[in-house]
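Scroll down for the structure; my scribbles are underneath it.
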Amino acid sequence: MVYEKSTLGFNEFTNNNRTLGVRERQVLLLVNGVRNLDELNKFFKKDLLLDTIKKLETEGYIQLPQGQQRPPEFASSLHNQLSLQDTPTKTEPICPTKMATVKAILIEAADDYLGIMGRGIKAKIESCDNENNLRQTISSWHMAMRESKLGRESASFLMEQIHKTLEGKIVSAENLAQSQH
């Protein structure tokens, strides 16, 4: 499967305003309408590549070339990738306490592990106002944490805490900080 940059994708490199993380920009740079996913897979781990491709396509940075159809096996492999974006949307809005707790976990971890690179993610976290935005931001945050030298080891533990919080087993940010140290 071959992707090409959309106008938004080209603008990511021509404007001084950066909206993507390092890994996402690397993948976007290599997407050129000629390279297929197998060729891109030489540069990135398959699971990270599929997550990044999915995010770039969802957010409109890349697209399928005119007339190209998505093969059914690719759609199913994307569907099988575990991510928060794939969880079904609930009909009830997210509880404000859950939202605040998850945002506190994300912001504290961004401050502790991502430093200056986490500024954009931190701004996205703070601006989340519904469950879909929160889930998309969690996905971006998790990718940044996995790519971070300092955050890599804590990413899984923190995601587990976020899942527990979203499932209704509330974990306060203070208890989380104490359990990490």
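Here are a few things to note about the model shown:
- In the stretch 154-181, the residues that are farther than 17 Å from LEU114 by Cβ and of a type in the set (Val, Ile, Thr) form Cβ pairs under 6 Å with partners that are open to solvent by 70 Å² or more (accessible area, probe 1.4 Å) and at pLDDT 50 or above, at six or more places apart or across chains, as follows: VAL171/LYS164.
- Selected residue [at negative phi, of a type in the set (A, V, I, L, M) and in contact with a Pro (Cβ under 7 Å, 6 or more places away or on another chain)] from VAL34, VAL22, VAL27, VAL2: VAL2
- Any hit, the stretch 66-82, residues being modelled with pLDDT of 70 or more and either more than 18 Å from the chain's Cα centre (by Cα) or loosely packed, with under 13 Cβ neighbours inside 10 Å (or both): yes
- The number of residues in the stretch 1-25 that are within 18 Å of GLU147 (Cβ to Cβ) and surrounded by 14 or more Cβ atoms within 10 Å (Cβ to Cβ) comes to 7.
Conditions (1) under 16 Å from TRP141 (Cα atoms); (2) open to solvent by less than 40 Å² (accessible area, probe 1.4 Å); (3) of a type in the set (A, V, I, L, M, F, W, C), marked per residue:
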site	(1), (2), (3)
LEU28	no, yes, yes
ARG35	no, no, no
GLU59	yes, no, no
GLN63	no, no, no
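The values are calculated or read from the model by the stated rules, or taken from the named source; none is laboratory data. These numbers come from a predicted model, not from an experiment. Here Cβ is always computed from backbone atoms with ideal geometry, including for glycine, and neighbour counts include all displayed protein chains. Only protein heavy atoms, including side chains, enter the accessible area calculation; ligands, DNA and RNA are left aside. Shrake-Rupley method; radii C 1.70, N 1.55, O 1.52, S 1.80 Å.
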